[in-house]
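Novice: Just dropping this structure here.
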Amino acid sequence: MSDKPQISWRNRKVFLTGHTGFKGGWLALWLASKGAIVRGYALDPSTDPNLFTAARVGSGIGAISPENDIRGDIRDAAALDSAIQSFAPEVVFHLAAQPLVRLSYADPIGTYETNVIGTAKVLDAVRRAPSVRAVVCITTDKCYENREWVWPYRETDPLGGYDPYSSSKACAEIVAAAFRQSYFPVSRLAEHKVALATARAGNVIGGGDWSPDRLIPDLVRGFVAGQPVRIRRPLAVRPWQHVVEPLHGYISLAEHLLSANPAPYATAYNFGPSDADAQPVAWIANKMSAFWGNGAAWINDPDPGVHEAAYLKLDSSRARADLGWTPHLRLETAIEWLVQWYRAWQTGANMHAFTLAQIAAYEALL
């Protein structure tokens, strides 16, 4: 099933929730560079600085119409319906979320409202949008019931979640599966014409992420300030990958959902790095310090705070077999690329062009 469908994105209408966020901003720029007409729907950026402003994401998707850069809450059903109905998209990428584990402890209700009810409202809006043909809902690798075992998780493993964030994303997967079975069943694709899939990526890194309580942004803030960075759980292992890797997977998945035979792809997919790139936090911090230079350093935080899983890996065999997707950037290169991004930002470079150049460099590897 891995033959790549010949799908053109030029002038194809794409509705993207969460375009003001880190992953959403990169995806918006990438789709626009392919000629897609992208309408973004999201809250204002949650940090300052942020990728959306630094890389002028709004100008990229608003080139055709300023109305395609919309501020809205996915929990607002009326505003969401209006934004989708007036645009009549063919493809929907749902990335809007409360994405932080530690924040979910402080605001569990808001996390569940956004990640679970918000996802249900996006899919319910799709149900009333006759133009939609493909939907990719983005969740996370943390949606699995983490048993701290050494082998990677497959899409058929049980869903779960110790903390509010992780469990909310498991719930989002269940919501998506229920909508697929109830409203978009694969057996009746010829009638409703909507192919719905979910995507679970690993720990995504790259230029333009300034989220609080995340390893890379914390390191960058400390390095810029010239101070040693306190790192919690340096021995915790995660499936690290540059942001362009899973985004390539999401785009490929959407292309297969738009193909002449979308039925086999309306399911869940893992997009994770190679086994060798599932590394401890300390490994990442050491590589970042070396690439950054200028005395960049980190120290162990003796108080790691709330519970976070110590070991997590993903099995991406299904994505390789079905989509022909495979990671192309080794982790050391991914770290080098993100350091180059932040260094360029420090010097006042054109980050819109710089971000597109990194996307083009990745595309050249495919």
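Since every read-out is calculated from the coordinates, none of them should be taken as a lab result. Only a predicted model underlies this, so the values are computations on that prediction, with no experimental measurement involved. Here the Cβ positions follow ideal geometry from the backbone for every residue, glycine too, while neighbour counts run over all protein chains shown.
Novice: Which of the residues that make up segment 153-175 are buried (at least 16 other Cβ atoms within 10 Å of the Cβ) and polar (S, T, N, Q)?
Specialist: Within segment 153-175, Ser166, Ser167, Ser168 meet the criteria.
Novice: Same structure again: Looking at segment 321-332, I want the residues that are acidic (Asp, Glu) and have a partner that is part of a loop (DSSP other than H, G, I, E, B) with Cβ atoms under 7 Å, at least 6 apart or on another chain. Which pairs are those?
Specialist: What qualifies is Asp322/Met1; Asp322/Ser2.
Novice: Suppose we filter segment 37-63 for residues that are of a type in the set (A, V, I, L, M), surrounded by 18 or more Cβ atoms within 10 Å (Cβ to Cβ) and either within 20 Å of Trp345 (Cβ to Cβ) or in contact (Cβ under 8 Å) with a residue 40 or more places away in the chain (or both); how many remain?
Specialist: 6
Novice: Name the residues in segment 249-283 that are closer than 25 Å to Pro234 by Cβ and crowded, with 24+ Cβ neighbours inside 10 Å, would you?
Specialist: Matches in segment 249-283: Gly272, Pro273.
Novice: Another question, then. Return the residues of segment 212-268 that are aromatic (Phe, Trp, Tyr) and within 23 Å of Ile359 (Cβ to Cβ); say none if nothing qualifies.
Specialist: Trp240, Tyr250, listed by residue number.
Novice: Pro246: touching a residue at least 24 places away in the same chain (Cβ under 8 Å), buried (at least 19 other Cβ atoms within 10 Å of the Cβ) and not in a strand (DSSP E or B), yes or no?
Specialist: Here the answer is yes, as Pro246 does meet what is asked.
Novice: Output the number of residues of segment 90-112 satisfying the condition of being crowded, with 17+ Cβ neighbours inside 10 Å and either without any contact (Cβ under 8 Å) to a residue 24 or more places away in the chain or not small (Gly, Ala, Ser) (or both).
Specialist: Final tally of qualifying residues: 13.
Novice: Which of the residues belonging to segment 181-207 are free of Cβ contacts under 8 Å to residues at least 60 places away in the same chain and part of a helix (DSSP H, G or I)?
Specialist: Gln181, Ser182, Ser187, Arg188, Ala190, Glu191, His192
Novice: On to the next question. Considering (1) touching a strand residue (DSSP E or B) at 6+ places or on another chain (Cβ under 6 Å); (2) within 17 Å of Val243 (Cβ to Cβ), say which one Val91 fails and leave the rest.
Specialist: Just one mismatch for Val91, condition (2).
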